[in-house]
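Below is one structure; the comments refer to it alone.
Rule-based calculations on the coordinates, nothing more; no lab input. Everything quoted here is computed from the prediction, not taken from an experiment. Ideal geometry is used to build each Cβ from the backbone, glycine not excepted, and the neighbour counts take in all protein chains shown.
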Ligand SMILES: Cc1cc2nc3c(=O)[nH]c(=O)nc-3n(C[C@H](O)[C@H](O)[C@H](O)COP(=O)(O)OP(=O)(O)OC[C@H]3O[C@@H](n4cnc5c(N)ncnc54)[C@H](O)[C@@H]3O)c2cc1C
């Protein structure tokens, strides 16, 4: 069996793997990306955050994406019965991008890999990482199986695990840890949105809150297709019986706002069900490897943070590996793990407070407080490392504290 030598082996060619590969290739390192599937392939994670535009821009992947005319996302709308809360990314505390996209990921991910292939990045599709051996110095030998069942070996100085839900190294190295978030599950598909209203009303991403744990996402794409998906407690989703299509059809009736628009529309594929989607790991890096994107951590889809964390972590990991291969000192605990955990912690608070109902109180409170709204809007845009934002710096207590004030005001007025 022949052994191929590279500087960095990247497992998975999602946004995380592509951003890391683009940076490392530009730095002149020998990179190999191994991808289990043939692209285009479906994956969920279609609503991006403005923050990830910084990453695509830095690794020069923005221009190829701009050519695809994806639906622009310049804010987000939350509904709860008759209550409406609109966020507009141009009115946010932190400077930075005030728009991004709503993207069909099959096309989006393929656009990124096509661009990398034209630049000469080595990406092999339909090849799967099945085993990894690490040596004392952190170098490794990885066994890869192709679709014919043939195996080959790649020797690398570093591995970036961007395998998403494949969670290759967490599984192989026993790094998985149960998430401290609630057990939430999801069911979703794409529909040809034949009843889509004209203009903003039809195209703005919307989260329709059914109750504290249950909500529906509606993510319209520029090609006339819309992604729809329910999130709810695992127990609640399991209470629906029948095929996944029957379950989703029954659930769509829960939405007063959308039931008519999606009545009788054809599902483009059998709805996909993912149970207990939140994932965590014991550590984000080790000697010779680093976990990025979903292979490291996944919180919840409610604030669309997945792809942005995937690209943030991939870019940082690629920069630190480059430094390390230039024999510069890297403190992985501080420079990578602490940094990533800081952002994850902010979003984890918002996810937890969403499901306690505290954050929903802030969102739907009238009259709105424009200053608070701007600060929360920055978090929703993915700028969760900006400590000039009180709703970032004091995330642990501020959401709770403001919700408490709202409760007191309500009590007084009753
Ligand atoms: C219900 C739900 C809704 C979501 N909605 C959103 C959203 O609206 N916005 C958002 O930003 N995020 C969302 N996410 C999260 C989003 O799906 C992920 O965070 C994002 O796709 C992570 O990107 P990635 O590059 O880390 O992994 P992926 O995009 O999953 O890519 C990983 C790649 O690795 C490959 N791979 C896996 N195993 C192997 C192997 N053994 N060998 C080689 N290759 C392998 C896979 O084929 C895949 O192509 C959602 C998640 C869930 C569960």
Antiparallel bridges, percent of DSSP beta bridges restricted to the chain (to nearest 5): 70
Angle in degrees between helix 15-26 and the longest Cα principal axis of the chain, rounded to the nearest 10: 40
For the chain, the fraction of alpha-carbon pairs in successive 10 Å shells from zero, as %: 4, 22, 31, 26, 12, 3, 0, 0
Descending Cα extents along the principal axes, the stretch 135-272, whole Å: 60, 34, 30
Pairwise centroid distance, computed over Cα atoms, of the stretch 133-158 with the stretch 186-238, Å: 41
For the stretch 1-113, convex hull volume per residue from C-alpha positions, Å³: 132
Least to most buried among 324, 278 (fewest other Cβ within 10 Å first): 324, 278
C-alpha long axis of helix 395-413 to longest principal axis of the chain, angle in °: 10
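Taking the Cβ of each residue in 186, 227, 178, 245 as the centre, tally the other Cβ atoms inside 10 Å and list the residues starting with the fewest.
Details: 186 21, 227 24, 178 10, 245 14.
Result, fewest neighbours first: 178, 245, 186, 227.
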Euclidean distance of C-alpha centroids, the stretch 362-405 and the stretch 33-101, integer Å: 21
Max mean-square fluctuation residue, GNM over the chain, Cα-Cα springs under 10 Å, options 156, 318, 106: 106
Neighbour-count order for 73, 67, fewest beta carbons within 10 angstrom listed first: 67, 73
The chain, relative contact order [Cα under 8 Å, separation at least 6], %: 21
